[in-house]
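Notes to accompany the following structure.
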Amino acid sequence: MKQASDREVVLAPAAASDAAALSAIARTAKTHWGYPDAWMRKWSDQFGITQEFLTQHWVCVAEVDQQAVGFVAVDETFSPPEIVHLWILPEHQRSGVGRRLVQAAIDVVHLRGKTTLAVESDPNAEGFYLACGATRVGTVPAPMDGAPSRVLPRLQFDLHVKARHELCSGARSSKKF
């Protein structure tokens, strides 16, 4: 059997019918960080990816063996546009899937004439975004029970500063979005 990193990763636009599968990926990926059950319950609405959301936002799905293993969503109503979801199933983390999805988001935002892509990151994912070329520009208060001083890193990719291929390495899909 091939290792996850040896399998072909296909990037494709999300369809409205992907809503349930993407919601499950989001919940599974967040659970992987070991957050308390009470926090997970409080965040449960954030994991619900609806058909309406998928028709109103740019969403790219990563598939391995024709199964969704991760996705990224960009909300272009924000200024600058913002990654509002990036979730990878735990067994596919550290395999390049996340980098491919970030690169796809960078590419689409750049092609649409924007020079910045923002992200409000889970603290556990900050290192990943930094490794992809983002810079920390601040924090957002995110207190939780038992962690009143908790904050989320606010990051951004400056697309006019670096060439797109320097921001996040990894092969790109030939699929058009």
Can you work out the PRE-style zone for Asp158? Point 7 Å along Cα to Cβ, and I want the residues of the stretch 110-144 with backbone N under 14 Å. 115-118, 133-138
Can you tell which of Asp145, Asp122, Asp107 shows the greatest fluctuation in a Gaussian network model of the chain with Cα springs below 10 Å? Asp145
Net charge near Ala29 (other residues with Cβ under 11 Å of its Cβ; Lys, Arg +1; Asp, Glu -1) is 0
Would you compute the Debye intensity of the stretch 74-143 from its alpha-carbon atoms alone, equal scatterers and no solvent, and pass along log10 I(q)/I(0) at q = 0.13, 0.24, 0.27 Å⁻¹ to two decimals? -0.38, -1.23, -1.44
Treat every Asp and Glu Cβ in the stretch 53-145 as -1 and every Lys and Arg Cβ as +1, leave all other atoms uncharged, and give the resulting dipole magnitude about the Cα centre to the nearest 20 debye. 340 debye
I need the shape label for the stretch 2-105. Rule: rounded when a/c is under 1.5, else prolate if a/b > b/c, else oblate, with a, b, c from the alpha carbon gyration tensor. oblate
Suppose R0 equals 22 Å. What FRET efficiency, 1/(1 + (r/R0)^6) with r the Cβ-Cβ distance, do Ala24 and Ser79 give to the nearest 0.05? 0.10
Just how large is the dipole of the stretch 105-154 about the Cα centre, in debye to the nearest 20, putting +1 at every Lys and Arg Cβ and -1 at every Asp and Glu Cβ? 220 debye
Putting +1 on Lys and Arg Cβ atoms and -1 on Asp and Glu Cβ atoms, find which of Ala16, Trp43, Val72 reaches farthest to the positive end of the dipole of the chain. Val72
Along the positive direction of the dipole of the chain (beta-carbon charges: Lys, Arg +1; Asp, Glu -1; about the Cα centre), which of Ile83, Asn124, Val109 reaches farthest? Val109
Per-residue ellipticity at 222 nm attributable to helices in the chain (runs of n ≥ 4 DSSP H, -39500 (n - 2.57) apiece, nearest 500 deg cm²/dmol) works out to -7500 deg cm²/dmol
Say each of His32 and Arg150 gets a label point 7 Å from the Cα, pointing the same way as Cα to Cβ; how far apart are those two points in nm? 1.9 nm
Got the relative contact order for the stretch 1-159 handy, in percent, Cα pairs under 8 Å and 6 or more residues apart? 20 percent
Classify the chain as rounded, prolate or oblate from the Cα gyration tensor: take a ≥ b ≥ c as the square roots of its eigenvalues, call it rounded if a/c is under 1.5, otherwise prolate when a/b beats b/c and oblate if not. rounded
Carbon plus sulfur fraction of accessible area for the chain, probe 1.4 Å, in percent: 49 percent
Of 90-100, 37-47, ordering from highest average Cβ density within 10 Å down gives 90-100, 37-47
For the stretch 57-101, rounded, prolate or oblate, judged on the Cα gyration tensor with a ≥ b ≥ c (square roots of eigenvalues), a/c < 1.5 rounded, else prolate if a/b > b/c? prolate
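The values are calculated or read from the model by the stated rules, or taken from the named source; none is laboratory data. All values reported here derive from a predicted model rather than from experimental measurement. With ideal geometry, Cβ positions are generated from the backbone for all residues, glycine too; neighbour counts draw on all protein chains shown. The area values use the complete protein model at the heavy-atom level, side chains included, leaving out ligands, DNA and RNA. Shrake-Rupley method; radii C 1.70, N 1.55, O 1.52, S 1.80 Å.
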